[in-house]
Amino acid sequence: MSKKQEPAYPNFTWDEYFWITTARLPSWSGCDSRNAHGGKSEGEIVWFCFAPERRGEEPLTEDEIASVQWIIDHEEAIHDSLLQGLFKHYPSIRELESENIEEEEIEKLLPAVDTPADFNKYIGIHCINVHQIDGGEAPYFGIELWCPWDEDHTQGILMHGIEVLEVGGVDVAVTLYIAENYAKKKL
């Protein structure tokens with residue numbers, strides 16, 4: 001009988017607020033990234049935060065660790081889907097954000113992009129927030145992205161598996177009830 005393989009990144013630590021870990025996600029290599037604590041990091045080293053809201057400090061269960069492992073295992077499809085979702089919403093983001101930016105700064109802070117892959121030059125993951133919701137085969141999670149158009153905050157993208165559910169501010173990525181509302185709609 002073969003020994004069950006341990007998840008690739010089970011080394012979570014409790015940081016007084018959340019269970020956190022890091023993982024290498026090759027699809028994000030070359031992106032502009034900062035770690036969850038604000039420092040620069042390699043684009044493919046990504047911070048994970050399990051249950052950013054309403055979970056105690058008791059150790060993670062096997063199912064909870066498996067939900068993070070699912071994201072690691074599907075990171076390329078997630079990356080591609082996220083870029084497609086951001087590309088779809090970017091015209092409205094660009095229109096809204098350009099109202100607050102000096103005209104000579106628009107192209108620097110809100111660069112024109114012709115394809116979803118163009119975002120790789122401008123964004124990077126700040127943190128992946130995995131919500132403690134039973135999503136069936138795939139977890140619900142929010143990705144906080146560093147982006148030039150909002151250097152004080154992050155762009156938030158809520159996902160269920162490889163499906164982009166919502167693009168918005170950081171609250172979309174970290175707020176549990178937003179993810180719960182999407183989960184209820186799928187029942």
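The values are calculated or read from the model by the stated rules, or taken from the named source; none is laboratory data. Since we're looking at a predicted model, the values are computed, not measured. A quick note on method: Cβ atoms are made from the backbone with ideal geometry, for glycine too, and the neighbour counts reach across all protein chains shown. Please note that ligands, DNA and RNA were not included when accessible areas were found on the heavy atoms of the full protein model with its side chains. Shrake-Rupley method; radii C 1.70, N 1.55, O 1.52, S 1.80 Å.
Residues that are modelled with pLDDT of 95 or more and open to solvent by 20 Å² or more (accessible area, probe 1.4 Å) within segment 145-170 comprise 160, 162, 163, 164, 165, 166, 167, listed in sequence order. Taking the conditions (1) open to solvent by less than 20 Å² (accessible area, probe 1.4 Å); (2) under 24 Å from residue 45 (Cα atoms); (3) more than 16 Å from the chain's Cα centre (by Cα) in turn, residue 79 satisfies each one other than (3). Scanning segment 112-140 for residues that are of a type in the set (Asp, Glu) and more than 19 Å from residue 84 (Cβ to Cβ), we see that the one that is most open to solvent (accessible area, probe 1.4 Å) is 137.
Among the numbered conditions (1) over 18 Å from residue 146 (Cα atoms); (2) open to solvent by 30 Å² or more (accessible area, probe 1.4 Å), the only one that residue 67 does not meet is (2).
May I ask you to verify whether residue 174 is touching a strand residue (DSSP E or B) at 6+ places or on another chain (Cβ under 8 Å) and either surrounded by 20 or more Cβ atoms within 10 Å (Cβ to Cβ) or over 12 Å from residue 128 (Cα atoms) (or both)? The answer is yes for residue 174. In this entry, residue 41 is excluded by the filter for residues that are open to solvent by less than 60 Å² (accessible area, probe 1.4 Å), at pLDDT 85 or above and of a type in the set (S, T, N, Q).
Screening residue 46 against (1) modelled with pLDDT of 90 or more; (2) within 22 Å of residue 175 (Cα to Cα) leaves a single unmet condition, (1).
Could you list all residues from segment 1-38 that are closer than 16 Å to residue 154 by Cβ and at pLDDT below 85? Within segment 1-38, 31, 32, 33, 34, 35, 36, 37, 38 qualify. Counting only helices (runs of 4 or more DSSP H) wholly contained in segment 58-153, the ones carrying 1 or more residues that are out of contact with any helix residue (DSSP H, G or I) (no Cβ under 7 Å at 6 or more places or on another chain), free of Cβ contacts under 8 Å to residues at least 24 places away in the same chain and under 20 Å from residue 173 (Cβ atoms) occupy 75-98.
In segment 154-187, which residues are farther than 23 Å from residue 121 by Cα, of a type outside the set (Val, Ile, Thr) and assigned to a helix (DSSP H, G or I)? Passing the criteria: 171, 176, 177, 179, 180, 181, 182, 183, 184, 185, 186. Restricting attention to segment 147-169, the residues being of a type outside the set (S, T, N, Q) and under 10 Å from the mean Cα position of the chain (by Cα) number 4.
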